[in-house]
Amino acid sequence: MLTCRALLVTEALLFYAVLSHSWRPCTDLLPLDLLARVLPQQGQATSPQVQLVQSRGSRGLRLSSSMATLLSFPASQIFINCDFFPAEFSLVTTFKMPRLRQKRNEYIFSMVGEEADSLLLGLRVSQNCIHLMVNHPSAGRRSRLTFKEVRLDDNHWHTIVLAVTGPHAALTIDCGLPLELTHVHPFPAALSTRGSRVFIGTRRRRTGRFSGLLRQLVLLPGSDATSRLCPSSDPHLAELVVPQVLMSTPIRSDWPGPVYPYEAEVTVTAGSRPPCSRAEEGQLWFNVPRKSVHMCDGLMWKSLFGGSERLDYLEDFQDLYTFSETFDMEVFSIPSAGLFMAAANRDSGPGSGIYRWTNGSFGLHQNISTQEARAWKHFTIDGQSFLVVANSKEVEPELSVIYRWNGRRQRFVRHQTLETHAAVDWEAFHMHNHSFLVVANHRRARDSNHNINSVIYRWNQKSKLFEVNQTLSTSGAYDWEFFTIGPYHFLVVANTFDGQTTVISSTIYVWLNGRFRTFQNIPTLGATDWETFEIDGRFFLAVANSQKVSERGPSLYSINSTVYELSTISWTFIRFQDILTHSALDWEFFTVGQEKFLVVANSHDGRSYSVNSVVYRWQGYEGFVPVHNLPTFGCRDWEHFSTDRGSFLVYSSATSRLSKVFKFRTY
């Protein structure tokens with residue numbers, strides 16, 4: 001069966017004029033830029049109905065709310081040889097739109113019969129859905145093809161490709177996996193365009209006007225445009241044909257084309273440090289004393305240029321006594337609620353604490369019952385905040401729990417339980433418009449087997465629950481890390497112990513054809529953590545090696561942990577730098593101004609738990625060099641966070657109730 005994902009053969013795809021004796025399609029086979037056709041040409045006056053807006057670094061067109069003159073052109077301008085819409089085609093559009101109210105529909109484009117004001121074809125967006133409206137003249141009815149649970153009204157740029165051939169349709173969002181549908185009513189083989197007009201951003205009426213930004217709108221007759229756009233280094237802004245006025249390069253002063261009213265969705269604040277949250281994302285702050293400019297990334301202010309901060313030293317800021325020894329700390333923000341930290345505490349009796357940043361320090365906000373908690377992970381789905389705990393106590397049944405933030409009660413409430421096996425870690429990630437969780441199952445209790453499956457779960461949008469999506473064989477799994485490089489998505493697992501030795505391989509997986517598949521195996525020594533980061537376009541993975549244990553010889557704790565770099569030649573991760581560590585359990589990457597740092601959690605040197613954890617600074621060709629030694633006791637985890645009072649590091653201890661917060665002193 002022919003699907004929209006295959007390259008469509010030209011002769012089989014276009015509807016040819018039946019009265020013509022030559023092989024001439026109704027329109028050109030080249031991409032047709034519909035957006036450019038409603039923009040004035042060189043020498044023409046600009047339309048007051050169109051405004052040029054730059055948002056998140058890219059330009060789009062905003063339609064006037066008054067829309068005294070609707071943007072349109074006769075369909076005969078593109079259907080030059082006959083009056084029929086191609087039976088097989090793809091539509092490419094790039095847009096950014098705000099959250100829509102329920103039952104509100106907005107048209108990206110439409111084709112309307114002028115005399116009867118009848119909708120022949122339309123692309124329409126509603127909350128979580130996109131619809132293709134089609135008129136079937138022979139049957140005397142109109143059909144609607146709907147792709148559900150696609151979040152496009154999230155105030156972010158998206159590029160979609162809608163490919164149609166007969167009863168089959170495929171929707172590709174941001175170069176992700178295609179969503180395919182089969183319609184009971186095939187697309188008409190002879191949809192007449194005679195006497196019709198193409199409208200941009202409307203359905204010819206005032207209602208249903210597109211309220212967002214349009215950057216690209218292209219009709220490609222006869223083929224699926226996905227292969228022309230994807231893969232892309234920036235899939236949210238993948239380009240087929242973008243009008244010149246919207247291109248990323250600045251418009252020169254001698255630009256011969258029309259000049260549009262222009263604005264940027266950004267404000268600049270001067271003076272003392274303003275708040276930085278999701279509401280201020282993309283806004284600028286000018287630090288007058290330092291003569292530096294900073295941008296809010298939704299969590300903290302990032303220096304753009306000027307007097308960049310430099311790390312001088314770290315000072316003891318807060319002693320935090322938890323219910324029991326703490327294996328992990330998760331720092332996260334909830335819009336309108338503030339900054340929080342979840343502590344994964346060893347003892348089941350008192351459970352684990354959720355701490356809230358209030359008046360410049362962390363204080364206990366909520367206590368949650370846990371079973372020898374080893375890790376917390378915070379994530380969001382459709383703006384809703386969740387926390388999932390990895391419970392490691394080997395009791396029947398072994399259950400880890402997902403909690404949901406209740407805004408009215410200002411508390412986390414139980415949402416779902418999942419069966420796990422001595423769970424040590426959770427990783428949450430979003431990919432191809434779906435939300436996922438993956439658990440690190442360390443050991444099965446009934447037979448003490450470390451070689452078991454870890455499980456990937458996918459969020460079911462209808463049931464609002466996670467369901468098993470895939471299992472992966474692991475050996476004493478200790479940590480998962482998700483990362484994206486260009487259009488490719490990866491998962492890497494830290495395998496610690498196979499029942500006999502810690503000298504085993506940890507595995508990197510890549511997402512291909514709807515599943516994670518093995519990409520590379522890397523030899524590790526009791527791997528406990530992976531940390532991924534990017535520096536100047538270079539991609540790195542750092543592994544924390546905890547100990548060398550085998551059937552022969554003593555256990556070794558002072559061993560090398562390794563930083564790997566992705567080779568753009570072999571497309572594998574290769575060894576970049578070895579760093580001597582002491583039963584390392586965690587790496588944390590962070591930045592201060594323009595400087596990059598790694599801090600390691602050293603927990604044990606074979607004799608004592610009282611060992612220094614080390615902060616390393618990136619120095620280019622030299623790699624990471626040690627700059628600060630921090631006395632720690634049984635250090636298990638590091639977390640970096642920033643508030644309006646500065647930047648901080650917090651560490652947890654797996655051998656003491658005392659965790660500590662350090663504050664950065666900068667100059």
Does residue 205 count as of a type in the set (D, E, K, R), part of a loop (DSSP other than H, G, I, E, B) and surrounded by fewer than 24 Cβ atoms within 10 Å (Cβ to Cβ)? yes
Determine whether residue 220 is open to solvent by 10 Å² or more (accessible area, probe 1.4 Å), among the aliphatic types (A, V, I, L, M) and either under 30 Å from residue 537 (Cα atoms) or at pLDDT 85 or above (or both). no
Exactly one condition in (1) assigned to a strand (DSSP E or B); (2) under 27 Å from residue 154 (Cβ atoms) is false for residue 409; which is it? (1)
Residues in region 484-521 that are farther than 22 Å from residue 426 by Cβ and either touching a helix residue (DSSP H, G or I) at 6+ places or on another chain (Cβ under 8 Å) or among the basic types (Lys, Arg) (or both) total 1
State the number of residues belonging to region 139-148 that are surrounded by 14 or more Cβ atoms within 10 Å (Cβ to Cβ) and within 25 Å of the chain's Cα centre (by Cα). 2
Selected residue [under 20 Å from the mean Cα position of the chain (by Cα) and touching a residue at least 12 places away in the same chain (Cβ under 8 Å)] from 436, 497: 436
Residue count, region 378-429, condition farther than 14 Å from residue 455 by Cα, aliphatic (A, V, I, L, M) and surrounded by 13 or more Cβ atoms within 10 Å (Cβ to Cβ), comes to 6
Just checking, does region 414-432 include any residue being in contact with a strand residue (DSSP E or B) (Cβ under 6 Å, 6 or more places away or on another chain) and assigned to a loop (DSSP other than H, G, I, E, B)? yes
When restricted to 501, 507, the only residue in a strand (DSSP E or B) and of a type in the set (S, T, N, Q) is 507
Here is a list of conditions, (1) outside any strand (DSSP E or B); (2) β-branched (Val, Ile, Thr); (3) open to solvent by less than 10 Å² (accessible area, probe 1.4 Å), and residue 80 meets all of them except one; can you say which number that is? (3)
Note: among 119, 123, just one is more than 26 Å from the chain's Cα centre (by Cα), of a type outside the set (Val, Ile, Thr) and at pLDDT 80 or above, namely 119
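Condition check ((1) open to solvent by 30 Å² or more (accessible area, probe 1.4 Å); (2) within 21 Å of residue 33 (Cβ to Cβ); (3) of a type in the set (Val, Ile, Thr)) across all residues:
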| position | (1), (2), (3) |
| --- | --- |
| 71 | no, yes, no |
| 74 | yes, yes, no |
| 85 | no, yes, no |
| 98 | yes, no, no |
| 107 | no, yes, no |
| 110 | no, yes, no |
| 119 | no, no, no |
| 127 | yes, no, no |
| 135 | yes, no, no |
Residues of region 544-575 being out of contact with any Leu (no Cβ under 9 Å at 6 or more places or on another chain), touching a residue at least 40 places away in the same chain (Cβ under 8 Å) and either polar (S, T, N, Q) or under 28 Å from residue 651 (Cα atoms) (or both), in sequence order, are 550, 555, 557
Kindly indicate which of 552, 575 is part of a loop (DSSP other than H, G, I, E, B) and surrounded by fewer than 17 Cβ atoms within 10 Å (Cβ to Cβ). 552
Since residue 644 meets every condition but one in (1) at pLDDT below 95; (2) out of contact with any Pro (no Cβ under 7 Å at 6 or more places or on another chain), which condition does it not meet? (2)
Might you let me know whether region 483-492 holds any residue that is under 21 Å from residue 394 (Cβ atoms) and either hydrophobic (A, V, I, L, M, F, W, C) or out of contact with any Ser or Thr (no Cβ under 8 Å at 6 or more places or on another chain) (or both)? no
Being open to solvent by less than 30 Å² (accessible area, probe 1.4 Å) and of a type outside the set (S, T, N, Q) is the filter here, so list the residues in region 578-593 that pass it. 579, 584, 585, 586, 587, 588, 590, 592, 593
Step by step: first the residues of region 497-511, then only those that are under 25 Å from residue 571 (Cα atoms) and of a type in the set (Ser, Thr, Tyr), then the one that is surrounded by the most Cβ atoms within 10 Å (Cβ to Cβ). Which residue is that? 506
Could you check how many residues of region 167-186 are open to solvent by 20 Å² or more (accessible area, probe 1.4 Å) and not in a strand (DSSP E or B)? 9
Pairs where the first residue, in region 125-145, is under 24 Å from residue 95 (Cβ atoms) and the second is among the aromatic types (Phe, Trp, Tyr) and crowded, with 17+ Cβ neighbours inside 10 Å, C-beta under 6 Å, 6+ apart: 130/147
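Tally time: how many residues in region 445-492 are part of a loop (DSSP other than H, G, I, E, B) and either at pLDDT 95 or above or surrounded by 22 or more Cβ atoms within 10 Å (Cβ to Cβ) (or both)?
4
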Regarding residue 565, is this residue over 30 Å from residue 233 (Cβ atoms), charged (D, E, K, R) and out of contact with any helix residue (DSSP H, G or I) (no Cβ under 7 Å at 6 or more places or on another chain)? no
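The values are calculated or read from the model by the stated rules, or taken from the named source; none is laboratory data. What you see is a predicted model; the values in this text were computed from it and never measured. Please note: Cβ atoms are built from the backbone with ideal geometry, for glycine as well, and neighbour counts cover all protein chains shown. Ligands, DNA and RNA are excluded from the accessible area calculation, which covers all protein heavy atoms including side chains. Shrake-Rupley method; radii C 1.70, N 1.55, O 1.52, S 1.80 Å.
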